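The block underneath contains the structure these notes are about, expressed in structure tokens.
The values are calculated or read from the model by the stated rules, or taken from the named source; none is laboratory data. Because the structure is predicted, anything quoted here is derived from the model rather than measured. Note: ideal-geometry Cβ built from the backbone for every residue, glycine included; neighbour counts use all protein chains shown.
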Amino acid sequence: MKNLQILTLSLLLLMHLSLIAQQPKAQRLVLLEEFTSSTCGPCALVNPTIVQRLQQNPDKFTAIFYHVSWPSPGNDPMYLANTQENNARVNYYGVNTVPYSVIDGNYYKGHPNGWTMTTINNRYTMPSPAEIQLQHYLNAAQDSIFVNMLVIPTDLMSGSQLVAQNVIIEKHIHFNTPPGTNGEKDFYNVMKKMLPGAGGTYLPTPLSPGDYVILQYSWKLANVYDNNELAAVGFIQNNSSKEILQTANSSTAPIIPLYDNDGEILTLSNVASENCTGKITPIIRIRNNGSNPLSSITLKYRIENHPEQEYTWTGNIGFLQSKNITL
């Protein structure tokens, strides 16, 4: 039986590893999660005020609107486009009435009439322990969207329940005639898809200043009204307390790498738990997280108690590109 141990990953370039001093906490972007429906009369009364606040204060807060299956007849097309993840977010917060607002997970929960811009401003002044860079782009065929998320801690982030959420939204959907019973024809920041799903991606905590996490996602478009209105909202949430620690709106600008030369082992595959043949061909997937192309990598590994071995790969891997290397 063979047991492979990957010991080190050495980038045969001049790697500059900076010791990053403690950074000040980051400016917070507040997240409003709004639960609504095109069949909800009271929703039509409060949504214009919410949208006006959002459009007048884009640097202080952003929003995701989840559409629900009630009131009757429950045929909201934006709910029907993704019932599973709309329902998942309803269940996550225990929402049983609409309209219903959730601000930063646990800062405010209740009817939209219960919060004002003072609520947002007060939350906005509370520093965040992380910065988020978020990029989205569509492929040439315009049938898939890709999201790159960079989480940069500015203070210690600990606990086993920190989750990164990435939500594809359609910023504006207009209907010529109301799709529901409440007269609304314009809908904003509508949740289309949660990536990779409603559960998000657990972060490898603890994370300290100088650490970072890069997450990459893609989605084959479905039930989208206008590709030009697509964007992403990313946030970090503590599933234990429901608190949202930081939020970001996406842009089409690339995320900015922290280091010039930096690589990451993403996966180790093709290694059975037991192998009695005496032969193994492990596959290691490497991603370039640095601004410079990766041109040479030395992998050091050991099989059971045998002497350490080295494998040197040469080639070219650009920023955020990845490649399988077979030993």
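Tallying residues that are under 22 Å from the mean Cα position of the chain (by Cα) and under 14 Å from residue 36 (Cβ atoms) within region 98-122 yields 2.
For region 296-311, the candidate set comprises residues that are among the β-branched types (Val, Ile, Thr) and closer than 18 Å to residue 262 by Cβ; within that set, the residue that is farthest from the chain's Cα centre (by Cα) is 298.
When region 79-96 is examined, which residues are found to be in contact (Cβ under 8 Å) with a residue 12 or more places away in the chain and of a type outside the set (A, V, I, L, M)? If the condition is that a residue be in contact (Cβ under 8 Å) with a residue 12 or more places away in the chain and of a type outside the set (A, V, I, L, M), then 79, 82, 83, 84, 85, 86, 87, 89, 92, 93 are the ones that fit.
Whenever a residue of region 229-247 is free of Cβ contacts under 8 Å to residues at least 24 places away in the same chain, it has no partner that is crowded, with 24+ Cβ neighbours inside 10 Å and among the aromatic types (Phe, Trp, Tyr) lying with C-beta atoms less than 9 angstrom away and at least six residues away or across chains. Annotation note: Cβ proximity below 7 Å between a residue of region 172-198 that is of a type in the set (Asp, Glu) and a residue that is loosely packed, with under 15 Cβ neighbours inside 10 Å (sequence gap 6+ or interchain) occurs for 184/178; 186/174.
Go over the candidates 210, 197 one by one and state the one that is at pLDDT 95 or above, out of contact with any His (no Cβ under 8 Å at 6 or more places or on another chain), of a type outside the set (Val, Ile, Thr) and surrounded by fewer than 17 Cβ atoms within 10 Å (Cβ to Cβ).
Working: 210 fails: at pLDDT 95 or above.
Criteria check complete, one pass: 197.
One line per residue, one yes/no per condition, for (1) modelled with pLDDT under 90; (2) not basic (Lys, Arg):
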{"position": "272", "(1), (2)": "yes, yes"}
{"position": "276", "(1), (2)": "yes, yes"}
{"position": "293", "(1), (2)": "no, yes"}
{"position": "300", "(1), (2)": "yes, no"}
{"position": "308", "(1), (2)": "yes, yes"}
{"position": "311", "(1), (2)": "yes, yes"}
{"position": "316", "(1), (2)": "no, yes"}
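State yes or no: is residue 151 of a type outside the set (S, T, N, Q), touching a strand residue (DSSP E or B) at 6+ places or on another chain (Cβ under 7 Å) and closer than 21 Å to residue 289 by Cβ? Quick ask: steps written out before the conclusion?
Values: of a type outside the set (S, T, N, Q): yes; touching a strand residue (DSSP E or B) at 6+ places or on another chain (Cβ under 7 Å): yes; closer than 21 Å to residue 289 by Cβ: yes.
Considered against the rule, which asks whether it is of a type outside the set (S, T, N, Q), touching a strand residue (DSSP E or B) at 6+ places or on another chain (Cβ under 7 Å) and closer than 21 Å to residue 289 by Cβ, residue 151 comes out as yes.
Just one of (1) in contact with a Phe, Trp or Tyr (Cβ under 9 Å, 6 or more places away or on another chain); (2) within 27 Å of residue 71 (Cβ to Cβ) fails for residue 178. It is (1).
Go through region 155-194 and give me each residue that's surrounded by 17 or more Cβ atoms within 10 Å (Cβ to Cβ) and of a type in the set (Ser, Thr, Tyr). Outline the logic, then answer.
Of region 155-194, the ones surrounded by 17 or more Cβ atoms within 10 Å (Cβ to Cβ) are 155, 157, 162, 164-170, 173, 179-182, 184, 187-194.
Answer for region 155-194, where residues must be surrounded by 17 or more Cβ atoms within 10 Å (Cβ to Cβ) and of a type in the set (Ser, Thr, Tyr): 181, 188.
Would you confirm whether any residue within region 57-66 is under 16 Å from residue 30 (Cα atoms), within 21 Å of the chain's Cα centre (by Cα), acidic (Asp, Glu) and buried (at least 18 other Cβ atoms within 10 Å of the Cβ)? No, region 57-66 contains no residue that is under 16 Å from residue 30 (Cα atoms), within 21 Å of the chain's Cα centre (by Cα), acidic (Asp, Glu) and buried (at least 18 other Cβ atoms within 10 Å of the Cβ).
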